[in-house]
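Student: Quick one: structure below, then a few questions.
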Amino acid sequence: MWAIRFFLCNLLICYGVLGQRANLSLCSGSSSVKKNTRYSMNFLGKKKSDDLNLFGYCNFTNISNNYLWLDFQPNSYGKLQIVFDNAPDSITVFIFECKTPQPCEEITEKKANLILCNSRVSNALLYEVSSVLIDDKSTYYIAFNTTKGKKDNVGFTLNFEEKDEQGSYIEDSLSLNLVSRYDQPIYALHLVDQVTNQPIVARIYLSSTGNLDGAYRASDLRINNTKSLKANIRIDAQGYFSKDLTDHKIIGNQSSHDTIRLVPIRSGSIAKLEDINFIGGLAVIAEESLPKLKRLKDFLLLNPSISIEIQGHVNEEGSNSINAQRLSKKRAQKIMKYLIQNDINSNRLSAVGFGNSRPLFESPIDDNQREANRRVEIKVN
């Protein structure tokens, strides 16, 4: 039997490689970027000076024409910060706030609002541009500039946190109080963002609870009952990995509460899913795994903007054989086929097989370690 697992990954590798064009060094050739996504791109190596010094917005002199232009459209007020994990020793960052349908003309005519002009000339392992507050009524154009002739790689993330106009966190909260008897034990369920610890409104499904079975929408749910109960709980929130609790005690002799920390979806992150099995030695999904596959399908339907790579692994002693690679890829492709047959666009899916080349345990000593090696990992692109 073969368990499928999604593991959380924090490796800074290239998840959002931008398709570069010949005119990316011009405002009119900018590439659109998304929040909280890691990108990798290269300067084009332009070799001339910018005689206009980017239209005179900053007091810099001798700026090269070696630019990279990006554009970003936020969907709310928030705080934007650019974090580089790879950048040239010398790099300047400009951020323009544009309010007209012709943003490049707005910049050229020096009518745009320059909200940040930040430069560094020494290397550092991590380089963070000062954060700025932005709104959803403008488009933001970002220009990177480096020494003329350089074709250095730039790895960066646009970290964006939703905030209100005063710069305070926006709380996505909704309390649902179903308590009818305050002399009886009360169970409280709190849902928060794992990173910010802010409340998150989600769809909460309760089953195996008798008269409490149903779907609820809340960030804070309070219930009671006269019975001692264990429930199956499913939690779904757009922009977050789903969470399942099986045979979870919600009602006992005393009041109790749980705080569930939902993991936000980020490019490169991998979630963990249990209880999907394959017939030993075959690329055949066991029937008892279908409910979990349905949960994966529901997760993709709830988050239509993401795509995933399904990575197959097997547990096998010795060197990585062709058969091991073939089996791991076939199993990954079986999952991909199921998703396609259940209305997930094939353009959002890919499947690869690593055989036994990436074991979690090099020399497994028990069934648990062998089962951990025998896995499928789903990476969010």
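The values are calculated or read from the model by the stated rules, or taken from the named source; none is laboratory data. Everything numeric in this text was worked out from a predicted model, so none of it was measured. Note that we place each Cβ from the backbone using ideal geometry, even for glycine, and neighbour counts take in every protein chain shown.
Student: Please find, within region 202-245, the residue that is farthest from the chain's Cα centre (by Cα) out of those that are of a type in the set (D, E, K, R) and within 17 Å of residue 178 (Cβ to Cβ).
Tutor: 227
Student: Does residue 230 satisfy the criteria of being of a type in the set (D, E, K, R), at pLDDT below 85 and within 24 Å of residue 291 (Cα to Cα)?
Tutor: So residue 230 passes the test.
Student: Provide a single number: the residues in region 97-115 that are assigned to a loop (DSSP other than H, G, I, E, B) and either among the β-branched types (Val, Ile, Thr) or crowded, with 16+ Cβ neighbours inside 10 Å (or both). Give the derivation first.
Tutor: Initially, region 97-115 is screened for residues assigned to a loop (DSSP other than H, G, I, E, B), giving 99-102, 109-112.
In the following step, the residues that additionally are either among the β-branched types (Val, Ile, Thr) or crowded, with 16+ Cβ neighbours inside 10 Å (or both) were identified as 100, 112.
Qualifying residue count, region 97-115: 2.
Student: When region 272-286 is examined, which residues are found to be outside any strand (DSSP E or B), among the hydrophobic types (A, V, I, L, M, F, W, C) and in contact with a Lys or Arg (Cβ under 9 Å, 6 or more places away or on another chain)?
Tutor: The answer is 273, 276, 282, 283, 284.
Student: Let me ask something additional. It is to be established whether one or more residues within region 46-69 are of a type in the set (Val, Ile, Thr) and either without any contact (Cβ under 8 Å) to a residue 40 or more places away in the chain or not assigned by TED's automatic domain parsing to the domain that holds residue 144 (or both). Please lay out each step first, then the result.
Tutor: Residues of region 46-69 of a type in the set (Val, Ile, Thr): 61, 63.
Adding the requirement that they be either without any contact (Cβ under 8 Å) to a residue 40 or more places away in the chain or not assigned by TED's automatic domain parsing to the domain that holds residue 144 (or both) leaves 61.
Looking through region 46-69, at least one residue is of a type in the set (Val, Ile, Thr) and either without any contact (Cβ under 8 Å) to a residue 40 or more places away in the chain or not assigned by TED's automatic domain parsing to the domain that holds residue 144 (or both).
Student: Could you tell me which residue of region 301-322 is modelled with the highest pLDDT, considering only residues that are closer than 11 Å to residue 265 by Cβ and touching a helix residue (DSSP H, G or I) at 6+ places or on another chain (Cβ under 8 Å)?
Tutor: Of everything passing the filter in region 301-322, 308 is modelled with the highest pLDDT.
Student: Looking at 118, 62 in this structure, which one is in a strand (DSSP E or B) and either at positive phi or more than 22 Å from the chain's Cα centre (by Cα) (or both)?
Tutor: When all the criteria are applied, what remains is 118.
Student: Tell me which residues, restricted to region 207-237, are more than 14 Å from residue 174 (Cβ to Cβ) and touching a residue at least 40 places away in the same chain (Cβ under 8 Å).
Tutor: Listed by number, the residues that qualify are 209, 223, 224, 225, 226, 233, 234, 236.
Student: Another question, then. What residue, among those in region 349-359 that are surrounded by fewer than 17 Cβ atoms within 10 Å (Cβ to Cβ) and either of a type in the set (D, E, K, R) or out of contact with any strand residue (DSSP E or B) (no Cβ under 7 Å at 6 or more places or on another chain) (or both), is nearest to residue 299 (Cα to Cα)?
Tutor: 358
Student: Here is a follow-up. Could you tell me which of the residues 295, 348, 326 is closer than 30 Å to residue 190 by Cα and either at pLDDT 85 or above or touching a His at 6+ places or on another chain (Cβ under 9 Å) (or both)?
Tutor: Values: 348 fails: closer than 30 Å to residue 190 by Cα; 326 fails: closer than 30 Å to residue 190 by Cα.
Only one candidate passes the filter, namely 295.
Student: Go through the residues of region 13-25 one by one and say whether even a single one is more than 18 Å from the chain's Cα centre (by Cα) and at pLDDT 85 or above.
Tutor: The answer is yes; a qualifying residue exists.
Student: Further question: Within region 71-89, is there a residue that is farther than 21 Å from residue 34 by Cβ, buried (at least 19 other Cβ atoms within 10 Å of the Cβ), under 27 Å from the mean Cα position of the chain (by Cα) and in the same structural domain as residue 33 (by TED's automatic domain parsing)? Lay out the reasoning, then the answer.
Tutor: Going residue by residue through region 71-89, those that are farther than 21 Å from residue 34 by Cβ are 88-89.
Then keep just the ones that are buried (at least 19 other Cβ atoms within 10 Å of the Cβ); that gives 88.
Narrowing the set further to residues that are under 27 Å from the mean Cα position of the chain (by Cα) leaves 88.
Subsequent filtering for residues that are in the same structural domain as residue 33 (by TED's automatic domain parsing) retains 88.
For region 71-89, residues farther than 21 Å from residue 34 by Cβ, buried (at least 19 other Cβ atoms within 10 Å of the Cβ), under 27 Å from the mean Cα position of the chain (by Cα) and in the same structural domain as residue 33 (by TED's automatic domain parsing): present.
Student: Still on this structure, I have one more. Any residue in region 201-215 that is of a type in the set (Lys, Arg) and closer than 23 Å to residue 298 by Cα?
Tutor: Scanning region 201-215 turns up at least one residue that is of a type in the set (Lys, Arg) and closer than 23 Å to residue 298 by Cα.
Student: Something else about it: Take region 337-373 and flag every residue that is among the small types (Gly, Ala, Ser) and more than 23 Å from the chain's Cα centre (by Cα).
Tutor: 355, 357, 363, 372
Student: Right, next: Can you report the number of residues in region 249-267 which are part of a strand (DSSP E or B) and either surrounded by 16 or more Cβ atoms within 10 Å (Cβ to Cβ) or at pLDDT below 85 (or both)?
Tutor: The qualifying residues number 6.
Student: Counting only residues that are touching a residue at least 12 places away in the same chain (Cβ under 8 Å) and surrounded by fewer than 16 Cβ atoms within 10 Å (Cβ to Cβ), which one in region 324-347 is nearest to residue 372 (Cα to Cα)?
Tutor: 326
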